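A.B. asks: For reference, the structure I am asking about is given below.
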Amino acid sequence: ATAEGGEFCSSSSSGRLCVLPSDLPAALIPCAPSSEPRPEVEIARLQATRRLRRHLSSLCAEAGIEPPLMAFDRWMARSKLSEPSPLDPLLPAAVGADEGLVKDLCRTGGAGRTEAAAAVALQLAEAAGRAIERLKGGGGGGEGGLVEVHVHGPLLRLSLSSAPGGTHVDVSHEHYAKLAALHAKHAPSVAGNLRTRVLCMMLRYQSLGAHGNQCALPPAGFEVLRQRLGIRFECFASPLNARYDRYCSAFADTDAAFGSIGSFFGFRPTHGSFECNPPFVPEVLLAAVKHAEALLSAAEASGGALSFAFVVPSWERVPFHHQLCRSAFLRGGAPLRLAAEAHGFVDGAQHLKAAAGDRLRVSSFASTVGVLQTAAAAERWPVDA
């Protein structure tokens, strides 16, 4: 990895992977998490998540319900919106049947299956609670071991020497070099091993699953946003897909060593320009728009120049889309709409693709681009109609 003009770049025969410097004020950067993730616990969390996925499938089969695609992933993402102080960074801890999951299951099980869907959701929540208690007791992951890195074809493979069943993660050479550069910048004086932190972080995202929720804008899209709106910060990213060296992500504990400042929902900027491309989960999308609007209201009152560029699916009948398109802070008239076949994203599994040309994917949906700004931001970064 090399540093060029503030950029961190890695080079290979497939091209260059660069991370650009953000312009985030130091006052918005929180202290590093007090505890270090442990590989054996992250492996236990991964195994627990896989058991819960299988449990949902079994419960649905017994109830005669065909679970919608990604119902489990939406349940996981939605759960953290109602947990201000999560008992676990990943697993849902809410007591009782999740209303969103019940609705999701009724989509394929039929409106008359509400009672059966609620029973499935309740049993899944109870199983998640038991899994969290086991993790709090130490994870059941043994005493740890050495983190090993081996070349595995075009990728690098990281594993824990004592891990059962050959649990491992794979990453391209370029992405590993990117992570090493971010780690050198953000955690140079903190005790801990780069390999251990990379393994813990990647195990967490492997537990999360749903690579489709980890897609990112292509470099050309980011460059337009930087030139036109001064954007150098992502509100929803990960160490693996981040464009800039500071960003918000889902997991502060595993990601802070690589530049994350934590969740967007805990982010409180009063000025600046930011990109928002949340996971395509309706409740998360709605919460993101509402959080941005709350920040914009506060900034407007103080005269701050605050701007958020949202890139979201064009699901026009879903509440988040109404919230965005009818926001009092929307600038430039009607939001821009991009046909699915006319644009694409960087694949959420980009870190598993050695060739840069394989990392782009055509969008599955039409996309809406809407910019929300305070009056001061609209003067500083005007949006065309």
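The values are calculated or read from the model by the stated rules, or taken from the named source; none is laboratory data. The model shown is predicted, which means the values in this text are computed figures rather than measured ones. A quick note on method: Cβ atoms are made from the backbone with ideal geometry, for glycine too, and the neighbour counts reach across all protein chains shown. Ligands, DNA and RNA are excluded from the accessible area calculation, which covers all protein heavy atoms including side chains. Shrake-Rupley method; radii C 1.70, N 1.55, O 1.52, S 1.80 Å.
A.B. asks: Among the residues of segment 347-360, which ones are surrounded by fewer than 17 Cβ atoms within 10 Å (Cβ to Cβ) and touching a strand residue (DSSP E or B) at 6+ places or on another chain (Cβ under 6 Å)?
C.D. replies: Residue satisfying the conditions is 360 alone.
A.B. asks: Could you list all residues from segment 264-282 that are open to solvent by 10 Å² or more (accessible area, probe 1.4 Å) and more than 17 Å from the chain's Cα centre (by Cα)?
C.D. replies: 268, 270, 271, 272
A.B. asks: Restricting attention to segment 252-262, and to residues there that are open to solvent by less than 10 Å² (accessible area, probe 1.4 Å) and part of a loop (DSSP other than H, G, I, E, B), which single residue is farthest from residue 204 (Cα to Cα)?
C.D. replies: Looking at residues that are open to solvent by less than 10 Å² (accessible area, probe 1.4 Å) and part of a loop (DSSP other than H, G, I, E, B), I get 259.
A.B. asks: Let me ask you something else. From (1) under 21 Å from residue 80 (Cβ atoms); (2) outside any strand (DSSP E or B); (3) open to solvent by 10 Å² or more (accessible area, probe 1.4 Å), pick out the condition that doesn't hold for residue 239.
C.D. replies: (3) is the only condition that residue 239 fails.
A.B. asks: Tell me which of these residue 245 doesn't satisfy, since it passes every other one: (1) surrounded by fewer than 24 Cβ atoms within 10 Å (Cβ to Cβ); (2) within 24 Å of residue 82 (Cα to Cα); (3) touching a residue at least 40 places away in the same chain (Cβ under 8 Å); (4) not β-branched (Val, Ile, Thr).
C.D. replies: Residue 245 satisfies every listed condition except (2).
A.B. asks: Spot the failing condition for residue 88; the list is (1) at pLDDT 90 or above; (2) part of a helix (DSSP H, G or I); (3) over 22 Å from residue 168 (Cβ atoms), and only one is missed.
C.D. replies: Only one criterion in (1) at pLDDT 90 or above; (2) part of a helix (DSSP H, G or I); (3) over 22 Å from residue 168 (Cβ atoms) is unmet by residue 88, namely (2).
A.B. asks: Given the residues 44, 61, which is the only one that is surrounded by fewer than 18 Cβ atoms within 10 Å (Cβ to Cβ) and either assigned to a helix (DSSP H, G or I) or of a type in the set (Lys, Arg) (or both)?
C.D. replies: Unique residue meeting the criteria: 61.
A.B. asks: Go through the residues of segment 29-37 one by one and say whether even a single one is outside any loop (DSSP other than H, G, I, E, B) and at pLDDT 75 or above.
C.D. replies: Within segment 29-37, none of the residues are outside any loop (DSSP other than H, G, I, E, B) and at pLDDT 75 or above.
A.B. asks: Can you tell me how many residues in segment 56-75 are over 23 Å from the mean Cα position of the chain (by Cα) and free of Cβ contacts under 8 Å to residues at least 12 places away in the same chain?
C.D. replies: 4
A.B. asks: Restricting to segment 278-335, count the residues that are of a type in the set (Val, Ile, Thr) and touching a strand residue (DSSP E or B) at 6+ places or on another chain (Cβ under 6 Å).
C.D. replies: 2
A.B. asks: How about segment 283-384: which strands (runs of 3 or more DSSP E) wholly inside it have at least 2 residues that are free of Cβ contacts under 8 Å to residues at least 24 places away in the same chain and among the aromatic types (Phe, Trp, Tyr)?
C.D. replies: Output list is empty.
A.B. asks: Taking the conditions exactly as written (aliphatic (A, V, I, L, M), surrounded by 16 or more Cβ atoms within 10 Å (Cβ to Cβ) and more than 20 Å from the chain's Cα centre (by Cα)), does residue 285 satisfy them or not?
C.D. replies: no
A.B. asks: Within segment 155-166, track down each residue that is at pLDDT below 90 and touching a helix residue (DSSP H, G or I) at 6+ places or on another chain (Cβ under 9 Å).
C.D. replies: Matches in segment 155-166: 162, 163, 164, 165.
A.B. asks: Between 122, 135, which is surrounded by 17 or more Cβ atoms within 10 Å (Cβ to Cβ), modelled with pLDDT of 95 or more and either assigned to a helix (DSSP H, G or I) or touching a helix residue (DSSP H, G or I) at 6+ places or on another chain (Cβ under 7 Å) (or both)?
C.D. replies: 122
A.B. asks: What pairs come out if I take residues in segment 151-171 that are free of Cβ contacts under 8 Å to residues at least 12 places away in the same chain and pair them with residues that are of a type in the set (Ser, Thr, Tyr) whose C-beta lies under 9 Å away, six or more apart or interchain?
C.D. replies: Sorted first by the residue in segment 151-171, then by its partner, the pairs are 166/159; 168/159.
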